[in-house]
Amino acid sequence: MLQSMKRIQVIGPKDELNRVVDLMYQAGTVHLENASEEVPLREIHLTPVKLEAAQNISDALSKIQAIFSTLPVIADDPERQKAVQATLGQKSYDQIIRRAREVIKELEATTRELTARKSDLTLADTALDRYTKVLSIIQPLEKELPTLEGFEVTILLIQKEHAGIIEIIKKEIATITHNHFEMNSMSVDENTLATIMVFSKQYSEEVHAFIYSVNVNEVRLPKEYTGRPFFEMFALIEEQKQKNTEEIAAIDSRLASFSSIWYQELVVLKKHLEDIYAEVGAYTNFGLSDYTFVIMGWIPKKHLRAMQQSLNNTFGGRVIVRELGTTEEDMKHAPVWYDNPAWIKPFEFIMGLVALPKYNEFDPSPILAIFFPLFFGMMVGDIGYGLVILAIGLYVRHRVPADTFFGNMARVLIISSIPTIIFGYLYGEFFGNLGEILGWIEPVHLLGISWNRSEAVIPMLVLAISVGVIHVFLGLSIGIRNAIITKNRKHLTAHSGMILAITAIIVLLAMLAGALPAGAIYPGAVLLIAGLCLLVYGAGAFGAMEVMGTVGNILSYARLMAIGMASVILAIVANEMAGAFGIAIIGIIMAVLLHGLNILLAMFSPSIHSIRLHLVEFFSKFYEGGGVAYKPFARVLAGGGKKSS
């Protein structure tokens, strides 16, 4: 459910602001508002707190992050980090910032220079590789390359499809050099021509400017390679690459040495600075007058008394916590905080697929926690599959953190495996019909029906639609509840009218099916007319048309039967395949593989369809969303989360 929130105002002497803020930060329960904006000027003139410290900490953090980017990552050492944590934990904020500056001074310049040099060497290696590739291409032209002093050699690589540009280049170079040049072309592969130009160095600048203007790929060898035989050029390139590799290795060794010495302290120091910055950065929300400070925000009702007692014990009557009255407009901005029991919390991550509910809206998480496993169990409905899914869920739960996607999904699967096993008992399924073949289990006979899914198609369809009616009616009832709280008469009448209209349709269908006497047509007609009138009043003519949309929503629950039917048929096929091969072991392997595929599908497909039934068919009857997330002013823990409140 959504926790009740109280709007508060904390007031005290100006010189106690830092101590009060630190206490509230440690408690981690107050969602801050900007006091200087919220308090009317007619009450008191407040100015926001401005701290240069926030910028200083931000600069230190960015520099430490830059140092991190230069150092090789090594594994966390909990013992060393714990020792650093113990040391820093005894220091004041100013001392921690001073230590950060000392570390930055020690590492920043050196690591930056080493990284820049490594980058230069890496780029040089890339250029050398390019030279090697080009030289390999033009090596067949070695005899054409002159060694005359005072002349420059340039090589152009031109795609054969653009060979026509060679004549254009030749004419322009002739003009630039007054015909003092030589130019030869040769095919180096099926797509490329190598054009070698030799010209006097006095025309170098004009020639290269022209080549650049026509966007031709020009290869200019370094001066130290010019005029040498190709084998010498290749040798020089390899020699230089070897030197670069050795220097890069030496740089990596120095950086690794810095990591071994400083990495653990940097990790802890960075977390401390982030923590301080989060606290100091919030100071702009606090208002100051000449003698007092004012802090405003929202706090969960269950934490209000503890906050009051904590401030009173520390500051006596010098700091007070006022609970403020709220208007309807204020409550639109009240933060939303899920506060559900442990068995509901895994389903909150599904709520993350939609916008947060508004503060006064109904929290559908408990409903989701009940119906999601129910739908999942109805669709999978197999004892064997349920046990396997339970085992997978338990394994994943112990391998990944609980608050991650996979951690939450594992807990959802664990919970959902229980109704899967129960429905499996009802259907008489253990890996499909294997349990029935072995004589271990049979479908339960209930209400005069054998609940064998492969045969009881109509009863399963009726069951699925009945569950859909209950689910949709529950959504409409929650919509009525929300309308009463928000005093929205239109929504109240529209939802009430929809319930009456759908009830009337059910009554009339039951009468046509012979489940109700013919006289039921009269109350059914009255309900239908009354429902349509309320719908038209609450939602206009479109509201009456929406009745068919709601009927469609209910019919969508037929997927609970259809997906389950597909699953059991695939399981039966797997069992029959075990005996379809002459070699038993092959049949068993094929059966196991098919069951494995079916279990994989059973974990994902029912989950997706169950989510859809909630988000589309159920939520559309009452859910609006658009709430403000509860973000307590709290210490960030090592794992990246907030301090638990």
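Taken over region 160-215, the criterion of being among the hydroxyl-bearing types (Ser, Thr, Tyr), over 22 Å from LEU135 (Cα atoms) and out of contact with any Phe, Trp or Tyr (no Cβ under 7 Å at 6 or more places or on another chain) is satisfied by THR175, TYR203, SER213.
Taking region 237-249 as the range and being surrounded by fewer than 13 Cβ atoms within 10 Å (Cβ to Cβ) and of a type in the set (A, V, I, L, M) as the test, only ALA249 passes.
Checking the stated criteria, THR493 turns out to be touching a Phe, Trp or Tyr at 6+ places or on another chain (Cβ under 7 Å) and either of a type outside the set (A, V, I, L, M) or surrounded by fewer than 18 Cβ atoms within 10 Å (Cβ to Cβ) (or both). Restricting attention to region 301-336, the residues that are surrounded by fewer than 17 Cβ atoms within 10 Å (Cβ to Cβ) and part of a loop (DSSP other than H, G, I, E, B) total 6. All of (1) outside any helix (DSSP H, G or I); (2) of a type outside the set (S, T, N, Q); (3) out of contact with any helix residue (DSSP H, G or I) (no Cβ under 9 Å at 6 or more places or on another chain); (4) surrounded by fewer than 20 Cβ atoms within 10 Å (Cβ to Cβ) hold for ASP290 with one exception: (3). Just checking, how many residues over region 62-84 are basic (Lys, Arg) and touching a residue at least 40 places away in the same chain (Cβ under 8 Å)? Of the residues in that region, 2 qualify. Is it fair to say MET545 is modelled with pLDDT under 90 and assigned by TED's automatic domain parsing to the domain that holds ILE470? Yes, satisfied.
Of the listed requirements (1) out of contact with any Lys or Arg (no Cβ under 8 Å at 6 or more places or on another chain); (2) assigned by TED's automatic domain parsing to the domain that holds THR486; (3) surrounded by 21 or more Cβ atoms within 10 Å (Cβ to Cβ), LEU353 misses just one: (3). When region 432-465 is filtered for residues that are in contact (Cβ under 8 Å) with a residue 40 or more places away in the chain and either surrounded by fewer than 18 Cβ atoms within 10 Å (Cβ to Cβ) or farther than 11 Å from MET565 by Cα (or both), the ones remaining, listed by number, are ASN433, LEU434, GLY435, ILE437, ILE441, SER454, VAL457, LEU461, LEU463, ALA464, ILE465. Restricting region 80-103 to residues that are small (Gly, Ala, Ser) and closer than 13 Å to LYS271 by Cα leaves a set whose member that is surrounded by the most Cβ atoms within 10 Å (Cβ to Cβ) is ALA100.
Here is the figure for region 384-408: residues that are in contact (Cβ under 8 Å) with a residue 40 or more places away in the chain and either surrounded by fewer than 22 Cβ atoms within 10 Å (Cβ to Cβ) or among the small types (Gly, Ala, Ser) (or both) total 7.
When VAL400, VAL321 are checked against the criterion of being of a type in the set (Val, Ile, Thr) and under 21 Å from the mean Cα position of the chain (by Cα), a single residue qualifies: VAL400.
Screening region 339-350 for residues that are in contact with a Pro (Cβ under 9 Å, 6 or more places away or on another chain) and not β-branched (Val, Ile, Thr) and picking the one that is surrounded by the fewest Cβ atoms within 10 Å (Cβ to Cβ) gives PRO341. The conditions of being within 33 Å of the chain's Cα centre (by Cα), assigned to a helix (DSSP H, G or I), in the same structural domain as HIS614 (by TED's automatic domain parsing) and not small (Gly, Ala, Ser) are not met by LEU463.
State whether one or more residues within region 254-277 are more than 25 Å from ARG117 (Cβ to Cβ), in a loop (DSSP other than H, G, I, E, B) and among the basic types (Lys, Arg). No, that holds for no residue. Within region 306-357, the set of residues being on the phi < 0 side of the Ramachandran plot and small (Gly, Ala, Ser) comprises ALA306, SER310, GLY317, GLY325, ALA334, ALA342, GLY352, ALA355. Considering each residue of region 593-603 in turn, none proves to be farther than 28 Å from GLY497 by Cβ, in contact (Cβ under 8 Å) with a residue 12 or more places away in the chain and either outside any helix (DSSP H, G or I) or of a type in the set (Ser, Thr, Tyr) (or both). Here region 408-462 is the region considered, the condition is being among the hydroxyl-bearing types (Ser, Thr, Tyr) and modelled with pLDDT under 90, and the residue that is nearest to GLY386 (Cα to Cα) is SER454.
Counting only strands (runs of 3 or more DSSP E) that fall entirely inside region 116-206 and contain at least 3 residues that are modelled with pLDDT under 85 and touching a Lys or Arg at 6+ places or on another chain (Cβ under 7 Å), the qualifying elements are 151-159.
The values are calculated or read from the model by the stated rules, or taken from the named source; none is laboratory data. On a predicted model such as this, the values are computed, not experimentally measured, just so you know. Ideal geometry is used to build each Cβ from the backbone, glycine not excepted, and the neighbour counts take in all protein chains shown.
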